[in-house]
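Novice: Below: one structure in structure tokens.
The values are calculated or read from the model by the stated rules, or taken from the named source; none is laboratory data. Quick caveat, the model's predicted, so the values are computed rather than measured. Cβ atoms come from the backbone with ideal geometry, glycine included; neighbour counts cover every protein chain shown.
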Amino acid sequence: MVVDNIPNAQTSIQKVKSEHRSLAILRLMMGELGPITNDELLSHCLSFYALGCGRDELREQLRSLERMGMLKIEQAGALLVVEIAERGREVAEGRTTTEGILRAWPDCPY
């Protein structure tokens with residue numbers, strides 16, 4: 001496979017990773033981490049799924065999910081405390097879909 005336009009290919013890869021990361025965040029909060037967590041714990045957990053990213057990128061993604069109504073966020077010192085919202089639960093369970101978040105499926109690994 002030849003990729004003629006590397007910047008566009010990388011943009012597409014970043015978009016796919018972002019969609020996976022968004023779903024993983026929501027699913028982690030529906031399971032292992034619980035409905036309230038912080039950005040530091042999320043960062044470590046995402047790394048287990050090879051979806052890790054820098055702190056600024058993760059925080060921007062969390063803020064984007066907040067703007068979409070998926071999360072509620074509060075600053076607590078140096079950490080962001082993150083709570084999943086009802087809309088985020090619906091997306092995490094695959095009951096609804098939202099652009100920018102990978103659709104959940106049965107046996108989803110996240």
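Novice: Being crowded, with 16+ Cβ neighbours inside 10 Å, over 15 Å from E40 (Cβ atoms) and either modelled with pLDDT of 95 or more or of a type in the set (D, E) (or both), is that true of even one residue in region 53-62?
Specialist: no
Novice: Taking only pairs six or more apart or across chains, which ones have beta-carbon atoms under 7 Å, a first residue in region 71-93 that is at negative phi, and a second residue that is part of a strand (DSSP E or B) and basic (K, R)?
Specialist: Once the first residue is at negative phi and sits in region 71-93, its partners that are part of a strand (DSSP E or B) and basic (K, R) give E83/K72; A85/K72.
Novice: Something else about it: Take the conditions at pLDDT 95 or above, of a type in the set (S, T, Y) and over 14 Å from the mean Cα position of the chain (by Cα) and apply them to T37. Does it pass?
Specialist: Here the answer is no, as T37 does not meet what is asked.
Novice: Answer yes or no as to whether E66 is under 14 Å from the mean Cα position of the chain (by Cα) and at pLDDT 95 or above. First the steps, then the outcome.
Specialist: Numbers: under 14 Å from the mean Cα position of the chain (by Cα): yes; at pLDDT 95 or above: yes.
Yes.
Novice: In region 72-81, is there at least one residue being under 13 Å from the mean Cα position of the chain (by Cα) and either surrounded by 12 or more Cβ atoms within 10 Å (Cβ to Cβ) or closer than 19 Å to E19 by Cα (or both)?
Specialist: No: region 72-81 contains no residue that is under 13 Å from the mean Cα position of the chain (by Cα) and either surrounded by 12 or more Cβ atoms within 10 Å (Cβ to Cβ) or closer than 19 Å to E19 by Cα (or both).
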